[in-house]
Amino acid sequence: MDKNVENVIQDNKKYFTCDICGEIFYQKLLLEIHFQIHKKGKSYSCYVCHKGFSQKKYLNQHLRTHTNEKPFSCDVCHKSFSQKSNLNQHLRTHTNEKPFSCDVCRKDFSDKSNLNRHLRTHTNEKPFSCDVCHRGFPRKSNLNQHLRTHSNEKPFSCDVCRKDFSDKSNLNRHLRTHTNEKPFSCDVCHRGFPRKSNLNQHLRTHSNEKPFSCDVCLKGFSLKGDLFRHLRTHTNEKPFSCDVCHKSFSEKSNLNQHLRTHTNEKPFSCDVCHKGFSDKSNFNRHLRTHTNEKPFSCYVCHRGFPRKSNLNQHLRTHTNEKPISCDVCLKGFSDKSSFNRHLRTHTNEKPFSCDVCHKSFSQKSHLNPHLQTHTNEKPFSCDVCHKGFSRKSSFNLHLRTHTNEKPFSCDVCLKGFFLKGDLFRHLRTHTNEKPFSCDVCHKGFSDKSSFNRHLQTHTNEKPFSCDVCHKSFSQKSHLNPHLRTHTNEKPFSCDVCHKGFLRKSSFNRHLRTHTNEKPFSCDVCLKGFSLKGDLFRHLRTHTNEKPFSCDVCHKGFSDKSSFNRHLRTHTNEKPFSCDVCQKAFAGKSNLNQHLRTHTNEKPFSCDVCHRGFSDKSNFNRHLLIHTNEKPFSCDVCHRGFPRKSNLNQHLRTHTNGKPFSFDVCL
C-alpha cells in the first residue's frame, strides 16, 4: 500500500481519508480500492458505485445513470437521452444518415461504435475474455451476458408472468409475447415480426438468399444457426443431454421440448379449443387448422400448404425425386415418414399400442381413429346431414356425397372418382396390372383390399363378430349391414318411393329400377344390365361356363344363387318360412311369391288386358298369348311352343311317352 494511505490509517482509527482527493471511507478495504483510481490516472470517483473516471465530464455523464436524468431531447420524437452523443446518434435514425463506412464490405453505419463492432466480424477479433472459461467475445455486452451463465444471475424480470432473464434484450423480446407487438415489418408483403432477426430471416424468403454454406456438402442456408445445426448431421455431435434419461440432442430446442415429456408441461394453449402443446411449432401448426391458413405455396402449381415439410414433400411430386431408398427391396420414397412406415412392412413392427385393448398398430394415424372406437368420439360433424365421423378423411369423403365432387379423373376414359386410391385401382383396369399375388393359389389382384379378403378364403378367418347373435364375418363391411338386421335400421332411403335399404349397394341397385339405367353392357350381344353381377352371369350363357358344380349329382351351374338353391333339393332344406301359415320354402323368391297369396298382391299387370299376376314368370308367360311368340322349339319337328313345359310334353310324342333322349329318337 502507498505510504500516504498508511499515514491516514494510523492517524485516524475510525475513518480513512484519501490524501489526494480528500474522499472519506469508513472501511480500509474501500480506501484501498479507491486509491487504485489515482494510480490509473482516474482522479474522479463516483460517490454511489466508486467507479473512477479520468475527466469530470465523464463522471457527470455517469452520474446520470444513477439519477436517471436525461437532459438531451429529440426535437422530432421528443425522446430523451442522458448523453448528447446518444442524442446525435439517435437523430441519424430520422435522417437515415450513416457517416461511418466499412473499408472491407462498404457497409454503412450511423455510429462509430457499431462500425468498430462490425470490423471485428472481418478480423475475428474478440478483445473481451471470460475469466472463468477464457472464452472470447467481440462485444463487452456479450461478455457481460455470458458471465451470467456462470453466476446464473437473471436480474431482469417480467412484470406479467414473473419470468426472469439474464439480459434486457431477451426481456424486451419476451414482453412482445404478452403485447403481441410486431414492430418489424416486411416491405414486400407487410408481414410483421416481433424481432428484427425474424424479419431478416423472412426477407431471405423473398430474395432466396442463402449466405451460409456447408463446407462438406456445399448446401446453402439462410441462417447461420441452421448451418451450425446442419454441421452436426456430418459430425453426429449431440452436445445437449437430458439429465433424467441421458438422451442426447443436436439442438437445445429439441432438448427443451424433450424435457416436457418428463414434466408433461404444455405451456402453449389454443384459445379456440383450449388444447395444450409442449412446443410452439406444433402450437402454430395447430392454429392453422382453425384459420385454414396455408402460408407455404408451390411455385409450380401454386397449391398452398400449412407446413413447410408438406410443401417440400409436394415439390418432389413435380421432380419425381425419391431420395430415400429401402435397403431390403430397393423401393424409393420421396419423404422419410413414408420410408419409416414402409420399413415396418419388413419388420412387422407395430410400435403404437392401444391402452384399452392393447391392439398394436404400425402407424400412429391408425391408432388415433382406433381410440375413438372406445370413446365413441366423433369430432367431425357434417353441416348438411349432421352425421358424425371419427376421422377427418372419412368426413371429407362424406362431404363429396353432398357436392358430388369427383376431383380425381382418369386420363384414359375420363371417369371421375371421389378418392385418389379409387383412381389408382381403376387405372389397373386399363393396364391389367395385378401387383398383389396369393402365395397359396397364385391368383392376382389389382387392389390390396380384395387381396386381403381373398386370403381369408384360405384361412377361413372371420375376425368380425356380431355381439347379438355371435355370427362371424370375414369383413367389417359385412358385419355393419348385418347389425342393422337386429336394429331394423335402414339408413338409405329412396326419394321416389321412400323404400328403405340396409345397404348402400342395394339402394344404388334399386335406384336403377326408377331410372331404367343399365350401365353394364355385354360385348357379345350388347344387352344391357343394371347390375354387374347380372352381366357376369349373362356372359356365361355365351361361354357356357358353369363354375359351380354339385358334389352329389355333378350338375353344373353358371351362378352361385342357382347352385345354392339346387343344393337344397338334395338336403331338402327350406330355410325361408312364411310368418302367416309357417309353410317353408327352399328359396327366398318362392317365399315372396307365396306371401302374395295371403296379401292378394299382384304387382305385375298386363298393359293389353290389364290382368294382374302375383309372380313375374306367370306374367311373362301370359304376354306370349298376346304376341303369339313361341320361343321353345322342338329339335325333331321344329314345332314351336309358348312354354317349356309344353315342349317337354310334346317331346314325349316322339319317344312314345318315354322321357326324351336324342339317342332314342335318332
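The values are calculated or read from the model by the stated rules, or taken from the named source; none is laboratory data. Fair warning: this is a prediction, and the values are worked out from it, not measured in the lab. So basically every Cβ, Gly included, is an ideal-geometry build from the backbone, and we count neighbours across all protein chains shown. The accessibility values were calculated without ligands, DNA or RNA, using every heavy atom of the protein model including side chains. Shrake-Rupley method; radii C 1.70, N 1.55, O 1.52, S 1.80 Å.
Each of TYR299, THR541, PHE240 was placed along the dipole of the chain (beta-carbon charges, centred on the mean Cα), and the one lying farthest toward the positive end is THR541.
Applying 1/(1 + (r/R0)^6) with R0 = 45 Å to the Cβ-Cβ distance of ASN208 and ASN592, what FRET efficiency is obtained, to the nearest 0.05? Once rounded, the FRET efficiency stands at 0.05. Accessible area per residue was computed with a 1.4 Å probe on protein heavy atoms; LEU567 scores about 60 Å². Between rounded, prolate and oblate, where does region 565-610 land on the alpha carbon gyration tensor, with a ≥ b ≥ c its root eigenvalues, rounded for a/c under 1.5, else prolate if a/b exceeds b/c? In terms of gyration-tensor shape, oblate.
Each residue of region 118-133 in turn: what ³J(HN,Hα) in whole Hz from Karplus with 6.51, -1.76, 1.60 and θ = phi - 60°, glycine and Pro shown as x? Ordered by residue, 3J(HN,Hα) equals 5, 4, 5, 5, 7, 8, 6, 6, 10, x, 9, 10, 7, 6, 8, 10 Hz. Spin-label pair THR347-ARG568: with each label point 7 Å from Cα along the Cα-Cβ axis, the two points sit 5.5 nm from one another. A straight chain from GLN257 to ARG400 at 0.36 nm per residue would run longer than the Cα-Cα distance by 47.5 nm. Extending 7 Å from the Cα toward the beta-carbon at both PHE536 and LYS112 defines two label points whose distance is 9.3 nm. A straight line joining the Cα centroids of region 357-413 and region 558-615 runs 41 Å. Considering only SER213, SER113, TYR58, whose Cα is most displaced toward the positive end of the charge dipole of the chain, charges sitting on Cβ of Lys, Arg (+1) and Asp, Glu (-1)? Comparing the listed Cα positions along the dipole, SER213 ranks first.
At an R0 of 51 angstrom, the distance between the Cβ atoms of LYS331 and ARG512 translates into a FRET efficiency of 0.75.
Using only side-chain charges placed at the Cβ, +1 for Lys and Arg and -1 for Asp and Glu, the dipole size of region 135-240 relative to its Cα centre rounds to 100 debye. Solvent-accessible surface (1.4 Å probe) assigned to VAL328 amounts to roughly 100 Å². The calculated P(r) of region 374-481, using every Cα pair and 5 Å bins from 0, goes 2, 10, 13, 13, 16, 18, 15, 9, 3, 0 in percent. Taking amide hydrogens as placed 1.01 Å from N in the peptide plane, the amide H of PHE128 sits under 5 Å from those of PHE137, each at least 5 positions away in sequence or on another chain. When only Cα pairs below 8 angstrom with a gap of at least 6 residues are kept, the chain shows a relative contact order of 2 percent. Annotation: amide H-H contacts under 5 Å for PHE548 (H modelled 1.01 Å from N, sequence separation of 5 or more, or interchain): PHE557. Here SER450 sits with roughly 30 square angstrom of accessible surface, probe radius 1.4 Å.
Length gained on full extension, SER141 to ARG484: 116.0 nm, using 0.36 nm per residue less the C-alpha separation. Rounded to the nearest 20 debye, the dipole size of region 444-538 about its Cα centre is 100 debye, using +1 on the Cβ of Lys and Arg and -1 on the Cβ of Asp and Glu. Each part gets one Cα centre, and for region 439-455 versus region 625-641 those centres are 47 Å apart.
Lysine pair count for region 242-369 with Cα-Cα distance under 13 Å and sequence separation of 8 or more or different chains is 7. Rolling a 1.4 angstrom probe over the chain with all protein chains present gives an accessible area of which 48% lies on carbon and sulfur atoms. About the centre of its Cα atoms, the chain shows a dipole size close to 760 debye [charges on the beta carbon of Lys, Arg (+1) and Asp, Glu (-1) only; nearest 20 debye]. For region 465-496, the residues whose amide N sits under 20 Å from a probe point set 7 Å from the Cα of CYS438 along the beta carbon direction are 473-478. For region 441-536, a Kirkwood radius taken over Cα pairs fed into Stokes-Einstein (25 °C, viscosity 0.890 mPa s) yields D = 152 µm²/s. Placing HIS262, HIS454 in order of accessible area, with the largest value first and a 1.4 Å probe, yields HIS262, HIS454.
Whose amide H sits under 5 Å from the amide H of PHE268, counting only residues 5 or more places off or on another chain, with H placed in the peptide plane? Excluding prolines and chain starts, which carry no amide H, the hits are PHE277. An ellipsoid equivalent to region 479-587, defined through the eigenvalues of its Cα gyration tensor, has semi-axes of 28, 26, 12 Å when rounded to whole angstrom and sorted largest first. The modelled label-to-label distance between SER521 and ASN452, using points 7 Å beyond Cα along the C-beta direction, is 3.6 nm.
In order along region 278-287, the Karplus-derived 3J(HN,Hα) couplings, from 6.51 cos²θ - 1.76 cosθ + 1.60 at θ = phi - 60°, round to 7, 9, 5, 5, 5, 4, 5, 5, 5, 4 Hz, and Gly and Pro are given as x. What the chain shows is 71 Å² of accessible area per residue, with the surface traced by a 1.4 Å probe over protein heavy atoms. Rounded to the nearest whole Hz, the Karplus-based 3J(HN,Hα) values (6.51 cos²θ - 1.76 cosθ + 1.60, θ = phi - 60°) of region 618-635 follow the sequence 5, 5, 5, 5, 5, 4, 5, 5, 6, 8, 6, 7, 10, x, 9, 10, 7, 6, with x at glycine and proline. Among the listed options [x] 85, 68, 60; [y] 82, 58, 44; [z] 161, 50, 50, the one matching Cα extents along the principal axes in Å as calculated from these coordinates is [z].
On the basis of the beta-carbon distance and an R0 of 25 Å, THR291 and THR177 show a calculated FRET efficiency of 0.85.
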